[in-house]
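Worksheet: one structure, shown below.
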Amino acid sequence: MTSAQIRAGAGDRPGAVRTQAGAVAPLASVRITGGLLGEWQDRNRRATIPHTVEQLRAAGNVTNLSRLLEDDPAPFRGRYPFLDTDLYKTLEGLAYEIGADAADEEAQHFFDEVVGLLERVQADDGYLNSFFQDPAGEKKPWEDLSWGHEMYNLGHLIQAAVAAERRMGDGRLLAVAVKFADLVVRRFGEGGQEAVCGHPEVEMALVELYRETGNRDYLTQARLFVDRRGQGNLTHRIFPPEYFQDHLPFRELPSVTGHAVRMVYLAAGATDVFLETGDETLFEALDRLWDDMAATKLYFTGGLGSRHSDEAIGDRYELPSERSYSETCAAIATMQWAWRMFLATGRATYLDVYELVLFNAYAVGLSADGKAFFYDNPLQRRPDHEQRSGAETGGELLRRGWFGCPCCPPNIVRWMAQLQDHVAAERDDALFVAQYAESRIETASLAVTVETAYPWNGDVRLTVDRAADRPYAIKLRIPAWARDVTLDGEPVAAEDGWLTVERQWSEGDSILLGLPMPVRAHGSHPHLDATRGAVGLARGPLVYCLEQQDTAAPVDDLVVSANDVAGAVPVPQQDGAAAGDALAGAVLLRASATAAPAPSAELYPELTAGRTDSAPQGPGTADAAAPEAVPVTLVPYFLWGNRRPEAMRVWLRAH
């Protein structure tokens, strides 16, 4: 292959902003055919969706709608006014499954039942919310924009409706969503009430509704909501304006802040507005906020949000492991923002974060059997830990089957069903392979089959099934962690995260990308006090952790060195492996560590000359036996918590 056939990132220099005319276009014609992501999608339709439907019925989400058809409705079931969104998120996931002929009869029945109820209970003016439509309810529509979540509800309704129209050709839900959206435009549009919803989400949905219908009023409304944020339009109680991102206009925010999910949904919506308007002032803010988040506020796993009290993003470098909130919904929101920033710019750096979140902060939210969930996702579990999730007391020691605030489970459902939408994109007669998965990718000019065992193995083979009679480029993302990359066995270098292979392709042509996956040791920034002097292990895009059942010594006393990490050996687990079904098919890491001497009983021992740690001091300690090596087995972080509820650490003490 000649140098002319291999170009690295040509035309995609950092800082090259892509406005509407030059943005990267997502592909709807991608199908995941196997591998880990294929297994996840199969589990979603086989286990998670039926479980979610069952829980939604049991919790009263469906009867909250059907009761409104009665003369004397029963009381609303549930604590929160936004529980309709859990139906909408599930409908969005079902639209993908039904559209792909992958849903069973019960899933189709649930979809039809809920859509039928929504059509019947929607008010004549378009309003729709089972909490506020209750004639005996304690609050009336639009009475509490800070906490009512009415437009947040609309956002999820729109997203489900657009998915149903595009994937199923079913316009029933879209008609419902348009009617509600038109009400919002009349009430809150130009010349209307200058207000916003306390929980951003509707912004990106309105842009998508504009793309689907061509009605520019929806794009204008999305822009208005972004511009009004930070103007003091909300009534602040319980939490300060920062919680709602309402203390400063969006363009003036110095850093991502406040409630993590709200913040990143807002940023994703603002990115959509930029994509359609080319407003450079928006992109300048988005670029600054993203860079600050990625450099100072993301966990090693890609999780976002370090405060349980208000589910919020903390200060820069405030990233405690055992108190990491890293809500699963925040992981999904971060991927949504990352994908949009990639579409706007073509930069691979956003996809690196997307990949990190996908395989770690997002995937950990679901159990191996697909029927239990983490709401928050810590990076450390102490031996005496008691699980407290979703602002509730009690609960399971590990994942839970459902929550009183069940926003995360159906969010997992819908995102899992649309993973294929984030595998590839196209621009200027070039295919961008953004994420690696066994898949079939089609553009108007090219169709390729991707074969890979990624993320367990870094070999990725692309075979051309159909090609146009002209040159066409395939752009392969080279992850930031990758070293010694090869193409067809020959060393290659990427520029700006892309390796471009351009030629006039023929059916049967094949290329093999090699991404070696040695075990890596990571430290942390010196300002990050919580993990100073600790080491985290990763391989490829996967972060690893140590669970107590996989070593004889207490995990809190284990110490690893650079040599220990260098000697770590990847160990593939086969189906039925002794490690347990939850780990079957995964690649574990077998390594050696050292059990440190038992620490002093003092919580804050005095450090004197020659003493720099809390090791016991006194007669006889000098004669203590030298510490011995202890074998350890580390598991991918996303698989932790599927066995016994014992201690866990991502960050290990380092020599």
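The values are calculated or read from the model by the stated rules, or taken from the named source; none is laboratory data. What you see is a predicted model, and the numbers here were worked out from it, not measured in a lab. Cβ sites come from the backbone with ideal geometry, for glycine too, and all protein chains shown count toward neighbours. Areas reflect the complete protein model, heavy atoms only, side chains present, ligands, DNA and RNA absent. Shrake-Rupley method; radii C 1.70, N 1.55, O 1.52, S 1.80 Å.
What the phi angles of segment 371-385 give under the Karplus curve with 6.51, -1.76 and 1.60, with θ = phi - 60°, is a coupling list of 10, 9, 9, 9, 8, 10, 9, x, 9, 8, 10, 7, x, 9, 5 Hz, glycine and proline written as x. From most to least packed by mean Cβ count within 10 Å, the peptides 559-569, 293-303 give 293-303, 559-569.
For ALA562 and HIS236, the difference between the fully extended length at 0.36 nm per residue and the C-alpha to C-alpha distance is 112.4 nm.
Quick one: putting +1 on the C-beta of Lys and Arg, -1 on the C-beta of Asp and Glu, what dipole do you get for segment 27-180 around its Cα centre, in Debye to the nearest 20?
About 440 debye.
Amide H to amide H distances under 5 Å link LEU366 with PHE374, where only residues 5 or more positions off or on other chains count and H is placed in the peptide plane. Over segment 50-181, accessible surface divided per residue gives 38 Å², non-protein components excluded, 1.4 Å probe. Excluding same-chain neighbours fewer than eight residues apart, the aspartates and glutamates reachable from LYS475 by a Cα-Cα span under 12 Å are ASP12, GLU426, ASP428, ASP429, GLU495, ASP496, GLU502. Would you kindly calculate the translational diffusion coefficient of the chain, applying Stokes-Einstein with the Kirkwood radius from alpha carbon pairs, for 25 °C and a viscosity of 0.890 mPa s, and quote it in µm² s⁻¹ without decimals? Calculated translational D: 94 µm²/s.
Normalising by the residue count of segment 224-380, find the relative contact order in percent from Cα pairs under 8 Å and 6+ residues apart.
Computed value for segment 224-380: 20 percent relative contact order.
Among 467-478, 103-114, the peptide with the highest mean count of other Cβ atoms within 10 Å heads the list, and the full ranking is 467-478, 103-114.
Rolling a 1.4 Å probe over the protein heavy atoms of the chain, with every protein chain left in place, gives an accessible area that is 49 percent carbon and sulfur. Taking the centroid of alpha carbons for each part, segment 43-73 and segment 129-202 are 20 Å apart. Given +1 at the Cβ of Lys and Arg, -1 at the Cβ of Asp and Glu and no other charges, the dipole of the chain around its Cα centre is 600 debye to the nearest 20. With a Förster radius of 35 Å applied to the beta-carbon distance between GLN504 and ASP484, the computed FRET efficiency rounds to 0.75. Here the relative contact order of segment 343-443, from alpha carbon pairs under 8 Å that lie six or more residues apart, stands at 19 percent.
Annotation for segment 534-610 versus segment 424-450: alpha-carbon center distance of 38 Å. Under the convention that each Lys and Arg Cβ holds +1 and each Asp and Glu Cβ holds -1, the size of the dipole of segment 165-261 around its Cα centre is about 180 debye.
Approximating the spin labels as points 7 Å out from Cα along Cα→Cβ, the ASP292-to-ALA74 distance works out to 4.8 nm. Considering only ALA344, ALA363, ASN377, and ranking their Cα positions along the charge dipole of segment 304-385 that arises from unit charges at the beta-carbon of Lys, Arg, Asp and Glu, the one farthest toward the positive end is ALA344.
Ordering ASN153, THR271, ALA598 by Cα displacement along the dipole of the chain toward the positive end leaves ALA598 in first place; charges were set at the Cβ atoms of Lys, Arg (+1) and Asp, Glu (-1). Contact order normalised by length for the chain, with contacts defined as Cα pairs under 8 Å and 6 or more residues apart; what percent is it? This gives 14 percent for the chain. In the structure shown, the pairs LYS89/LYS371; LYS140/LYS179; LYS89/LYS140 are assessed against 22 Å; a Cα-Cα span above that value is assigned to LYS89/LYS140. Length gained on full extension, ARG211 to GLN574, computed as 0.36 nm times the residue gap minus the Cα-Cα distance: 126.1 nm.
For segment 299-395, the solvent-accessible area works out to 26 Å² per residue, with a probe of 1.4 Å and every protein chain left in place. Cβ-Cβ distance of LEU603 and ASP469, R₀ of 60 Å, FRET efficiency by 1/(1 + (r/R0)^6): the value works out to about 0.20.
Which one, VAL485, VAL460, GLY198, is farthest towards the positive end of the dipole of the chain when Lys and Arg carry +1 and Asp and Glu -1 on their Cβ? Checked the options; the winner is VAL485.
Protection proxy ranking for 80-92, 515-527, using the average of other Cβ atoms within 10 Å per residue and placing the highest first: 80-92, 515-527. For segment 72-77, the Karplus equation 6.51 cos²θ - 1.76 cosθ + 1.60, evaluated at θ = phi - 60°, returns couplings of 10, x, 5, x, 4, 9 Hz by residue, with Gly and Pro reported as x.
Secondary-structure-derived ellipticity at 222 nm for the chain, considering helices only, amounts to -9500 deg cm²/dmol, per-run term -39500 (n - 2.57) for DSSP H runs with n ≥ 4.
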